[in-house]
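Peer 1: Could you have a look at this structure, given as structure tokens, before my questions?
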Amino acid sequence: MTVDWGWFPDHQSDLVTLTLDHLSTAVPAVLFGLLIALPLAVIAHRVRALRGLLLGLSNILFTIPSIAIFVLLLPITGLTRTTAITGLTIYTLVVLLRNTVEGLDSVPTKVREASTAMGARPLRTLLTVELPLAFPVIMAGVRVATVMAISLVSVASYIGYGGLGQLFTDGFQRNYPTPVVAGVLLSLLLALVADAVLVTIQWLCTPWLRRRA
């Protein structure tokens with residue numbers, strides 16, 4: 001396999017456009033997944049009878065092939081970016097929901113009881129005690145979900161919104177490996193940069209962990 005490295009500067013603008021397109025699908029999917037997972041995780045954590053049901057449903061959705069998800073969504077959302085984002089959001093849920101539940105479970109009972117004894121209501125305890133303490137575990141899930149979303153965006157090229165995945169399609173159709181290599185390298189770079197950004201955010205938002213270290 002021979003890679004034409006001169007192809008990269010000649011297609012620089014196209015690569016930038018596809019990279020931004022890739023992000024515009026992956027990032028909203030993770031954000032929407034987190035917005036859905038947070039309240040569901042709180043319910044699963046506090047209502048034990050619903051815990052197995054919610055986690056089980058998310059696991060079942062995760063077993064559906066990504067292309068099948070997009071096909072099932074087509075009659076509802078059509079050939080739009082919404083279809084790609086919705087499909088990826090479904091995939092992020094299983095990771096985000098489980099990690100958020102585990103993060104809330106990791107908060108010591110005595111800490112909750114102390115907050116209640118000081119007069120804090122359940123919502124205030126959740127926002128000021130439980131979620132901050134669960135934040136590292138939740139962020140671990142966000143990191144996994146983000147990398148997963150970035151890798152799965154390419155599958156959405158089936159409906160025309162695959163970002164860097166279009167390079168794979170182009171390379172395979174023309175039997176020309178250079179676009180494929182470009183797509184792989186840029187996808188890996190995006191995943192590494194995104195993970196580094198999330199690690200930095202976690203570091204900035206958890207000063208108590210830095211003091212403990």
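The values are calculated or read from the model by the stated rules, or taken from the named source; none is laboratory data. Because the structure is a prediction, the values reported are computed rather than measured. Note: ideal-geometry Cβ built from the backbone for every residue, glycine included; neighbour counts use all protein chains shown. Only protein heavy atoms, including side chains, enter the accessible area calculation; ligands, DNA and RNA are left aside. Shrake-Rupley method; radii C 1.70, N 1.55, O 1.52, S 1.80 Å.
Peer 1: Taking the condition of being polar (S, T, N, Q) and open to solvent by less than 20 Å² (accessible area, probe 1.4 Å), how many residues in segment 147-178 meet it?
Peer 2: Step one: of segment 147-178, the residues polar (S, T, N, Q) are 151, 154, 157, 166, 169, 173, 175, 178.
Those left that are additionally open to solvent by less than 20 Å² (accessible area, probe 1.4 Å): 154, 178.
Residues meeting the conditions: 2.
Peer 1: Then there is this: How do the pairs read when you match residues in segment 202-213 that are among the basic types (Lys, Arg) with residues anywhere that are at pLDDT 80 or above and surrounded by 10 or more Cβ atoms within 10 Å (Cβ to Cβ), using Cβ under 9 Å and keeping only pairs 6 or more apart or on different chains?
Peer 2: Arg210/Trp203
Peer 1: Taking interchain pairs and intrachain pairs at least six residues apart, which have beta carbon atoms under 6 angstrom, with the first residue in segment 105-125 and without any contact (Cβ under 8 Å) to a residue 40 or more places away in the chain and within 14 Å of Arg46 (Cα to Cα) and the second open to solvent by 70 Å² or more (accessible area, probe 1.4 Å) and of a type outside the set (S, T, N, Q)?
Peer 2: Val107/Leu133
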